[in-house]
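These notes concern the structure reproduced below.
The values are calculated or read from the model by the stated rules, or taken from the named source; none is laboratory data. Owing to the predicted nature of the structure, the values given are computational and were not obtained by experimental measurement. Here Cβ is always computed from backbone atoms with ideal geometry, including for glycine, and neighbour counts include all displayed protein chains.
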């Protein structure tokens, strides 16, 4: 089977679509599929084209994990306004079609396009029509509602037009794949036939688990502590990822302020994004919080090895309650105890499986309480991290998910059957990890949710 994957974001960019589609493409290649990725020149999260790709033309090809990648120019920059985002989408979408004659990728049997960049998805549909291929629309976020909630889009003609394009694509897709049952239900409520929709959730790449284990075995975390001048007895509480409004990282800054008297606890915010400068300003002068530039990808697991507790914060909006953040999978792959400031599917899944502490989003007082429970009980925290890793590998094995997705694509191409039924919940596919409360004060009803 010949598969084209169309996405504005892809490896080596550190983003949710890059992680998901990169793992899928690699797995499909191993399963015998011929996979080609059509993407943009890498520029996320800074908005500047990566140095390794500068000065080499507006159309480039390379290969990652044995997968051929075709990269197209787009208009990008550090501003993260709605106008800038739409311009980036539009220029990438146009270049997908403009550079078609340059592409030596084999004629596709199926074209998969991933949201939320809606204009490139439209180009993907055109490409599918051009080659007589099936078209699969993958939905990773509650778009455009989430973007409106986050203030990235406002009511007006532009939003009206994009919603019409979105519905046009839903109706003409041969199949729709969502990453959570919640998103699938949302589409059904909007009038999309449920027979057209399948759920293939995000998963953990076992190579990531192995890379994290290798970093631990090589003691990379300890060496990184020395490099950053962090004492061996200091408890490191880390957030690793985009600094954007959807993470509401102000709640982490406020939590650090509440714990400023704890000289043995250091908060690290590692990454880049449009909200980083604002966060720096409100955190100015705080001795227990540091901002770290996003490191090279080969150093990521050293940071996770150094961390004692990992934070997975979300903004308190309805759209984010329907998805599970990719940084949750990274932290658990590294075997780290997690505090999730989240609601919706993330909160319910983690609470039911009893593998993390869960607090309401944007509630710094409860977030501080949860962090203290873990840093004051390091042995129990490590146990929670190991259980989380075990549960993740059992419940969200990307090898299994990738094979299921590929079988779905084969059925769509052959026309044998409608899309498969939604993924079972994690509780149905793997045993719950036995939970054990960290020592100390037991949570009151309004306190962080975890194992009972």
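Of 270, 355, 312, 359, which residue is closer than 28 Å to residue 215 by Cα, buried (at least 22 other Cβ atoms within 10 Å of the Cβ) and touching a strand residue (DSSP E or B) at 6+ places or on another chain (Cβ under 6 Å)?
Among 270, 355, 312, 359, only 312 is closer than 28 Å to residue 215 by Cα, buried (at least 22 other Cβ atoms within 10 Å of the Cβ) and touching a strand residue (DSSP E or B) at 6+ places or on another chain (Cβ under 6 Å).
Test residue 341 against the stated conditions and say whether it is closer than 18 Å to residue 235 by Cα, assigned by TED's automatic domain parsing to the domain that holds residue 216 and touching a residue at least 24 places away in the same chain (Cβ under 8 Å).
no
For residue 191, all conditions in the list (1) in a helix (DSSP H, G or I); (2) on the phi > 0 side of the Ramachandran plot hold save one; what is the number of the exception?
(1)
Would you check which residues across the range 24-41 are crowded, with 24+ Cβ neighbours inside 10 Å and not in a strand (DSSP E or B) and list them?
24, 25
Which ranges mark the helices (runs of 4 or more DSSP H) fully within the range 113-187 that have 1 or more residues being surrounded by 22 or more Cβ atoms within 10 Å (Cβ to Cβ) and touching a strand residue (DSSP E or B) at 6+ places or on another chain (Cβ under 6 Å)?
Qualifying helices (runs of 4 or more DSSP H): 118-131.
Looking only at the range 281-301, which residues are in contact with a strand residue (DSSP E or B) (Cβ under 9 Å, 6 or more places away or on another chain) and under 24 Å from residue 50 (Cα atoms)?
Listed by number, the residues that qualify are 291, 292, 293, 294, 295, 300.
Mind counting the residues in the range 191-210 that are in contact with a helix residue (DSSP H, G or I) (Cβ under 8 Å, 6 or more places away or on another chain) and surrounded by fewer than 17 Cβ atoms within 10 Å (Cβ to Cβ)?
The number of residues fulfilling the criteria is 2.
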